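Participant: Supplied in structure tokens, the structure appears directly below.
The values are calculated or read from the model by the stated rules, or taken from the named source; none is laboratory data. All of these numbers come straight from a predicted model, not from anything done at the bench. Positions of Cβ are generated from backbone atoms using ideal geometry, with glycine treated the same way; all protein chains shown enter the neighbour counts. Heavy atoms of the whole protein, side chains included, go into the accessibility calculation; ligands, DNA and RNA do not. Shrake-Rupley method; radii C 1.70, N 1.55, O 1.52, S 1.80 Å.
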There are 2 protein chains.
Amino acid sequence: MAKKYERIADALRQSIRAGQLKPGDRLPAETTLAEQYKTSVPTMRDALGELLAEGLIDKRHGVGNFIREPRPRVERSNQRHQWEKNRARLLESERLKTGSTEHDTGLTVSDLAFKASYREVKADEDLAAVFSVPLGTRLLEREYRTFPREGDAPFSLVCSHLLYDAVSSNPDLLDDSNEPWPGGTQNQLLTVGIELDRIVERITARPPTAEEAEELGLQKGVSVFVLRKICIDTDDRVVEVSDVILPGDVTELVFTTPLDRW
Amino acid sequence: MAKKYERIADALRQSIRAGQLKPGDRLPAETTLAEQYKTSVPTMRDALGELLAEGLIDKRHGVGNFIREPRPRVERSNQRHQWEKNRARLLESERLKTGSTEHDTGLTVSDLAFKASYREVKADEDLAAVFSVPLGTRLLEREYRTFPREGDAPFSLVCSHLLYDAVSSNPDLLDDSNEPWPGGTQNQLLTVGIELDRIVERITARPPTAEEAEELGLQKGVSVFVLRKICIDTDDRVVEVSDVILPGDVTELVFTTPLDRW
DNA sequence: CATGGCAACTCCTAAAGAGGAGTTGAGGAC
DNA sequence: GTCCTCAACTCCTCTTTAGGAGTTGCCATG
């Protein structure tokens, strides 16, 4: 026999799909729902927990449970990388004409807001291995978030590392007051003589840490994408390693692989 | 104050990392653990639930809780697509020499086992839109799983759709007794005059359905990757749409984007 | 010796309830 | 009119308890 909380979750799902419960509606209180479904409150909460993990409802402490607006997924495409590279090759004046507010994380949204902080750190075992440099090598660490709108929860947490000595020749790059980098990361790397050849992205999924869940405003049971973006230049050196955390419930990653070249 | 079950989960995590609990070890019974950590059984179970979702422990009903072997992640790379295409262009005799047992899902494991079933279906709204064909168009549906070893739980559930009329000229392709397709999907598509130009993959994450969790042998709280692979031929037509379910706890997706071409 | 059954152990689902913490809105004080 | 307090309502964490279900191994029976 199916478990009781699963049957209740199914019933609720069906009510949502059938349109009896509309986005924005508040559900009855959990105690009331428990009575309606002839069950206990903890079991009712188990059922709601399923819908929560699926992103069908929002739970708001002290307020109630709400049918969630079917939030459109945010696309993150690797086509952006190519686009970014072409843009980086244009003159500054030409770039201004295109007037895009997008940047190099590949998210297709406008009006991105940033909060950045820069640090000089030493390569730990993990990073030293990826960069193929000795343990303790100086790195520039840039930490930032992207927001759909000012005041909203961020939809990405980014921690990027660059070889310190490779970028320090342009002092602008060491200053976190002018984030995002004008013209994008690729353009700024060009100013220190680095041209990218390819980008390798490794993607895994896991539950968020408590801090990540807090910062991204994630509901319980929702997992995150962990994306490690490795930028390799035309000399086959790793020049940037970015670790990106993306909320799993609203993110769609899109990769296009061309087959007739390389 | 941090929640009690989170503090207990942290303590256990630390014991695992410090090596006091080794892979394969059985934890004390939940009732015993609850006493040790001076808490109730449900709270103890909440703590274990965190470790479960993170893939640090295995719960086995009626047996106990075990520290999990750090299972290596299975890589799925888009480089495979290119490799597959080159291979498809070789003569049959040449291909036999390479002797690889890999196939076109891009998984880097040997000795893949299949269970396949073929069906003729009609395009629903979703598929009709992706293929850009009228609703109800005939499609060949191929459903299969890939296994690391015979007897193990599968690590992918695949449901592939092809335009029926495009492949029916080669009757071998309509027969599910010779899965996997010799030489890979791309090679078989060549036999009906289809050459691929590019592959678009759209990736999302969500909790598994009850059936998916069952089939993939997933522990509670682990999410799955949902990968839709869209193959587009040199005439810009969508010729194959595959929906792939991958376990989130052991899968790593790798995408390489070259920047100097296209 | 081989086999079947049973007991002991495990985790799993479910219930009822107490106290805490966040939110909201009504109503009183100023 | 404005502000503050407080009560009522919400969900959250944790406890205690009960019975069900899966697994294993001992042991009696044949």
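Participant: Looking only at the stretch B:231-251, how many residues end up being within 12 Å of chain A (Cβ to nearest Cβ), surrounded by fewer than 19 Cβ atoms within 10 Å (Cβ to Cβ) and either more than 13 Å from the chain's Cα centre (by Cα) or at pLDDT 95 or above (or both)? Reasoning before the result, please.
Facilitator: Residues of the stretch B:231-251 that are within 12 Å of chain A (Cβ to nearest Cβ), as a first pass: B:231-234, B:246-251.
Add one more test, that the residue is surrounded by fewer than 19 Cβ atoms within 10 Å (Cβ to Cβ), and what stays is B:232-234, B:250.
Remaining after also requiring either more than 13 Å from the chain's Cα centre (by Cα) or at pLDDT 95 or above (or both): B:232-234.
So the answer is 3.
Participant: Would you please name the residue that is nearest to DNA strand D (Cβ to nearest atom), looking only at residues in the stretch A:207-216 that are crowded, with 19+ Cβ neighbours inside 10 Å and more than 8 Å from every other protein chain (Cβ to nearest Cβ)?
Facilitator: The selected residue is A:PRO208.
Participant: Another question, if that's okay. Residues of the stretch B:47-75 being more than 9 Å from DNA strand C (Cβ to nearest atom) and in a loop (DSSP other than H, G, I, E, B), which ones?
Facilitator: Matches in the stretch B:47-75: B:GLU54, B:GLY55, B:LEU56, B:ARG68, B:GLU69, B:PRO70, B:ARG71, B:PRO72, B:ARG73.
Participant: Could you tell me how many of the residues in the stretch B:126-140 are open to solvent by 30 Å² or more (accessible area, probe 1.4 Å) and among the aliphatic types (A, V, I, L, M)?
Facilitator: Number of matching residues: 4.
Participant: Right, next: Of all residues in the stretch B:124-172, count the ones that are in contact with a Ser or Thr (Cβ under 9 Å, 6 or more places away or on another chain) and closer than 16 Å to B:VAL226 by Cα.
Facilitator: 13
Participant: Okay, next question. Restricting the first residue to the stretch A:53-82 and requiring it to be within 13 Å of A:ASP249 (Cβ to Cβ), which pairs with a second residue that is among the small types (Gly, Ala, Ser) meet a Cβ separation below 6 Å and a spacing of at least six or different chains?
Facilitator: A:ALA53/A:GLY221
Participant: Does B:ARG7 fit the bill of being under 16 Å from B:VAL222 (Cβ atoms) and either within 9 Å of DNA strand D (Cβ to nearest atom) or modelled with pLDDT under 95 (or both)?
Facilitator: Judged against the criteria, B:ARG7 is not a match.
Participant: Select from the stretch A:60-76 the residues that are surrounded by 14 or more Cβ atoms within 10 Å (Cβ to Cβ) and more than 19 Å from B:LEU227 (Cα to Cα) and write down the one among them that is nearest to the other protein chains (Cβ to nearest Cβ).
Facilitator: Checking each candidate, the answer is A:ARG68.
Participant: Of the conditions (1) touching a strand residue (DSSP E or B) at 6+ places or on another chain (Cβ under 9 Å); (2) within 12 Å of another protein chain (Cβ to nearest Cβ); (3) within 15 Å of DNA strand D (Cβ to nearest atom), A:LEU27 fails just one. Which one is it?
Facilitator: (2)
Participant: Being in contact with a helix residue (DSSP H, G or I) (Cβ under 8 Å, 6 or more places away or on another chain), away from chain A (no Cβ under 14 Å) and either within 6 Å of DNA strand D (Cβ to nearest atom) or part of a helix (DSSP H, G or I) (or both) is the filter here, so list the residues in the stretch B:30-46 that pass it. Explain how you work it out, then say what you get.
Facilitator: Start the filter on the stretch B:30-46 by keeping residues that are in contact with a helix residue (DSSP H, G or I) (Cβ under 8 Å, 6 or more places away or on another chain), which leaves B:30-31, B:33-34, B:37, B:39-41, B:43-46.
Cutting the leftovers down to away from chain A (no Cβ under 14 Å) gives us B:30-31, B:33-34, B:37, B:39, B:44.
Matches in the stretch B:30-46: B:GLU30, B:THR31, B:LEU33, B:ALA34, B:THR39, B:MET44.
Participant: Which one of B:LEU173, B:LEU139 is modelled with pLDDT of 90 or more and of a type in the set (A, V, I, L, M, F, W, C)? Lay out the reasoning, then the answer.
Facilitator: Values: B:LEU173 fails: modelled with pLDDT of 90 or more.
Checking each option against the conditions leaves just B:LEU139.
Participant: Still on this structure: If you take the residues of the stretch A:50-74 that are modelled with pLDDT of 90 or more and among the charged types (D, E, K, R), which of them is nearest to DNA strand D (Cβ to nearest atom)?
Facilitator: The residue in question is A:LYS59.
Participant: Are any residues in the stretch B:1-46 hydrophobic (A, V, I, L, M, F, W, C) and within 15 Å of DNA strand C (Cβ to nearest atom), and if so, which ones?
Facilitator: B:MET1, B:ALA2, B:ILE8, B:ALA9, B:LEU12, B:LEU21, B:LEU27, B:ALA29, B:LEU33, B:ALA34, B:VAL41, B:MET44
Per-residue answers, yes or no, for (1) open to solvent by less than 20 Å² (accessible area, probe 1.4 Å); (2) part of a strand (DSSP E or B); (3) within 13 Å of chain B (Cβ to nearest Cβ); (4) of a type in the set (Val, Ile, Thr):
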residue	(1), (2), (3), (4)
A:VAL192	no, no, no, yes
A:GLU201	yes, yes, yes, no
A:ALA205	yes, yes, yes, no
A:LEU218	no, no, yes, no
A:PHE225	yes, yes, yes, no
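Participant: Please specify each residue of the stretch B:1-40 satisfying the condition of being open to solvent by 70 Å² or more (accessible area, probe 1.4 Å) and in contact with a Phe, Trp or Tyr (Cβ under 8 Å, 6 or more places away or on another chain).
Facilitator: B:ARG26
Participant: Can you give me the number of residues within the stretch A:227-247 that are assigned to a loop (DSSP other than H, G, I, E, B) and of a type in the set (Lys, Arg)? Working first, answer last.
Facilitator: So in the stretch A:227-247, the residues assigned to a loop (DSSP other than H, G, I, E, B) come out as A:234-237.
With the extra rule that they be of a type in the set (Lys, Arg), the set shrinks to A:237.
So the count comes out to 1.
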